[in-house]
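Notes follow once the structure below has been shown.
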Amino acid sequence: MMSEFISEEGLEKLKQELHELKTVKRQDIAARLEHAKSLGDLSENAEYQEAKEEQSLMETKIAELEEMVRSAVLIEKSHRTDEVTIGSTVKVASSRGEESYTIVGSEEANPLGGKISNESPLGKSFLGRKVGESVEVKTPGGIAEYKIVGIQ
């Protein structure tokens, strides 16, 4: 797995989710497994099989989150206003009017919330650009042109 760019708040959310899975969820599943074992024959016990499967999925998720936290590259809020970097908020003008996008890592991307991934076509096209530059981005609806009017 490669490094994942993530904000401090995004990393904190991952850590909280990981803590919840390792404590509360693990205990819940352990209790379900114990209850299912008390019902007798495990080979035909659907409740036991379901709990074992859920446990396996949860342990996989825990391993993934641990790896994400371990390999996370913290995005500092960009203080550069001369060039778009990860962490920048870019104000652009297009045929749809003016919009602002914050460049984030793919884990935190939320296009409807104005957060676009550094790996997305739009995010990639903005990186390294300066105020006044225009970029063309291939979208499902055709080619869209964006002019960078501000960087925060």
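The values are calculated or read from the model by the stated rules, or taken from the named source; none is laboratory data. All figures in this text were calculated on a predicted structure; none of them were measured in a lab. Don't worry about glycine lacking a Cβ; one is built from the backbone with ideal geometry, like all the others, and counts go over all protein chains shown.
For region 122-142, the candidate set comprises residues that are of a type in the set (A, V, I, L, M) and in a loop (DSSP other than H, G, I, E, B); within that set, the residue that is nearest to the chain's Cα centre (by Cα) is Leu127.
Restricting region 77-98 to residues that are modelled with pLDDT of 95 or more and among the charged types (D, E, K, R), the residue that is surrounded by the most Cβ atoms within 10 Å (Cβ to Cβ) is Lys91. Is at least one residue of region 70-92 over 30 Å from Gly132 (Cβ atoms), in contact (Cβ under 8 Å) with a residue 12 or more places away in the chain, part of a helix (DSSP H, G or I) and touching a helix residue (DSSP H, G or I) at 6+ places or on another chain (Cβ under 6 Å)? No - not one qualifying residue is present in region 70-92.
If you check Glu54, Glu107 for being among the acidic types (Asp, Glu), out of contact with any Ser or Thr (no Cβ under 6 Å at 6 or more places or on another chain), surrounded by 14 or more Cβ atoms within 10 Å (Cβ to Cβ) and closer than 30 Å to Ala36 by Cα, only one passes: Glu54. Of Lys25, Lys13, all but one fail to be under 30 Å from Val137 (Cβ atoms) and either in a helix (DSSP H, G or I) or of a type outside the set (D, E, K, R) (or both); the exception is Lys13.
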